[in-house]
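Here the structure comes first, spelled out in structure tokens, and everything after it is commentary.
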Amino acid sequence: MSKIGITCYPTVGGSGVIATELGKILAERGHEIHFITSQVPFRLNRVYPNIYYHEVEVSSYPVFQHPPYDLALANKMAEVINRENLDILHVHYAMPHAVLAILAKQMAEHDVKIVTTLHGTDITVLAIDSSLKQMIKFGIEQSDRVTAVSESLVKQTQEMLKTEKTMDVIYNFVDEREYYRQPNDELKAQYHIDKGEKVLIHISNFRKVKRVPDVIQAFAQIQKNIPSKLLLVGDGPEYAACYQLVEELGIADAVLFLGKQENVSELLSISDLKLLLSEKESFGLVLLEAMACGVPCIGTNIGGIPEVIDHGETGFITELGNTEQVVHFAEKILQDTAAHHRFSEHAKQFVRDKFASTAIVEQYEQLYRQVLNDV
Ligand code: GMT
């Protein structure tokens, strides 16, 4: 059993979810887990034996224009490596976490192995910025092992950073104990969703890259032929613009803006179709969560999405920005009950076969064993 430090962004987001769920399952399997973050990760919502939390405190001094969060994190990492005798520090995101882990390793009194998992934004967004590119490349190349959440992300990282560093693909997973279909007619009634209506859902942080207006435009067409409602879950910079678009299209009665929600599996359980029409997406964890709840998905042919949706089996892949195609595929799924049932069953099976939590966590454990034995 190993002593593993984990650093991630603790606020809402797929990378934080994966890092926390991984820590929880590793702890259940007997490893000692030390989260080193600025806040308690939001999914760490109760007491878990074998899990410890180390808060990064950032003091602000008049002499510093900006509080030195990054350096405080590196310092805390080194402190925890020494005190808890960590074997591995597993960081999520190269920028800044891998870079800080390397600094902490140099400061620490004994050796620790650095495992870095790439989730996408640091490569697909930050690495475009030439002032950060060198730093991201450094973080990746100096890590003892690097994993990425999709084949597509590995390719993109290698191309953008011109690096030959080996990267293992370890897909994301869902906790099957939380994500399964729990039909709930009462919840539907509370949202004033009629029995005959279909429910479409979109979940994101409403950043521009998520292209939520495409979801709304497609839905505006779909609801002309199919009585339906659209659930918009999450919050972010484009939320107000989306609200305005819904008003302009005259579909406000059919669109429910639900904001940030904790129990998305309950909302997925009353949904019939999930739309994720992003222009950048290294994986699309929300697709996996939807499929685990038996919700077929339509996603764009971008990044890792085609690795997560099995086209024609668990949903459909569309061209970016082609809302006509989204409407066509949505009608194929929603207008035929037998087809919907087939897609839904295939979606659940696909998640069990390709993204089962135990199998994925075992891949991380194997990687840890390899890095510790250096084989
Ligand atoms: O998508 C986001 O904006 C959030 C970001 C994050 O840090 O959580 O998501 C990234 O990591 C997720 C977990 O691996 C992936 O499912 C998302 O596809 C990825 N986002 C992007 O690549 C834009």
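The values are calculated or read from the model by the stated rules, or taken from the named source; none is laboratory data. None of the values given here were measured: they were computed from a predicted structure. In this analysis, Cβ positions are derived from the backbone assuming ideal geometry, glycine residues included, and neighbour counts consider all displayed protein chains.
Hey, could you check region 82-94 for residues that are in contact with an Asp or Glu (Cβ under 8 Å, 6 or more places away or on another chain) and either surrounded by 22 or more Cβ atoms within 10 Å (Cβ to Cβ) or of a type in the set (D, E, K, R) (or both) and say which is nearest to GLY5 (Cα to Cα)?
GLU84
Checking HIS97 against (1) closer than 19 Å to ILE18 by Cβ; (2) outside any helix (DSSP H, G or I), which test does it fail?
In the conditions (1) closer than 19 Å to ILE18 by Cβ; (2) outside any helix (DSSP H, G or I), HIS97 misses (2) alone.
Among the numbered criteria (1) without any contact (Cβ under 8 Å) to a residue 60 or more places away in the chain; (2) in contact with a Gly (Cβ under 8 Å, 6 or more places away or on another chain); (3) among the hydrophobic types (A, V, I, L, M, F, W, C), which one does ILE88 miss?
Just one mismatch for ILE88, condition (1).
Quick check on region 213-234. Is at least one of its residues part of a loop (DSSP other than H, G, I, E, B) and buried (at least 21 other Cβ atoms within 10 Å of the Cβ)?
The answer is yes, given that some residue of region 213-234 is part of a loop (DSSP other than H, G, I, E, B) and buried (at least 21 other Cβ atoms within 10 Å of the Cβ).
Condition check: touching a His at 6+ places or on another chain (Cβ under 6 Å), within 16 Å of the ligand (Cβ to nearest atom) and in the same structural domain as GLU281 (by TED's automatic domain parsing). Does VAL215 satisfy that? Give the steps one after another, and end with the answer.
Values: touching a His at 6+ places or on another chain (Cβ under 6 Å): yes; within 16 Å of the ligand (Cβ to nearest atom): yes; in the same structural domain as GLU281 (by TED's automatic domain parsing): yes.
When the stated conditions are applied, VAL215 passes them.
Give me the strands (runs of 3 or more DSSP E) completely within region 1-74, filtered to those with at least 2 residues that are crowded, with 20+ Cβ neighbours inside 10 Å, ordered by residue number.
Answer list for region 1-74: 3-7, 32-37.
Looking only at residues that are surrounded by fewer than 22 Cβ atoms within 10 Å (Cβ to Cβ), among the acidic types (Asp, Glu) and part of a helix (DSSP H, G or I) in region 101-159, which one is farthest from the ligand (Cβ to nearest atom)?
Checking each candidate, the answer is GLU141.
Can you spot a residue in region 268-276 that is under 13 Å from the mean Cα position of the chain (by Cα) and either within 16 Å of the ligand (Cβ to nearest atom) or in the same structural domain as ILE226 (by TED's automatic domain parsing) (or both)? Talk me through it step by step, then tell me what you get.
Of region 268-276, the ones under 13 Å from the mean Cα position of the chain (by Cα) are 276.
After this cut, where a residue has to be either within 16 Å of the ligand (Cβ to nearest atom) or in the same structural domain as ILE226 (by TED's automatic domain parsing) (or both) as well, the list is 276.
Checking region 268-276: at least one residue is under 13 Å from the mean Cα position of the chain (by Cα) and either within 16 Å of the ligand (Cβ to nearest atom) or in the same structural domain as ILE226 (by TED's automatic domain parsing) (or both).
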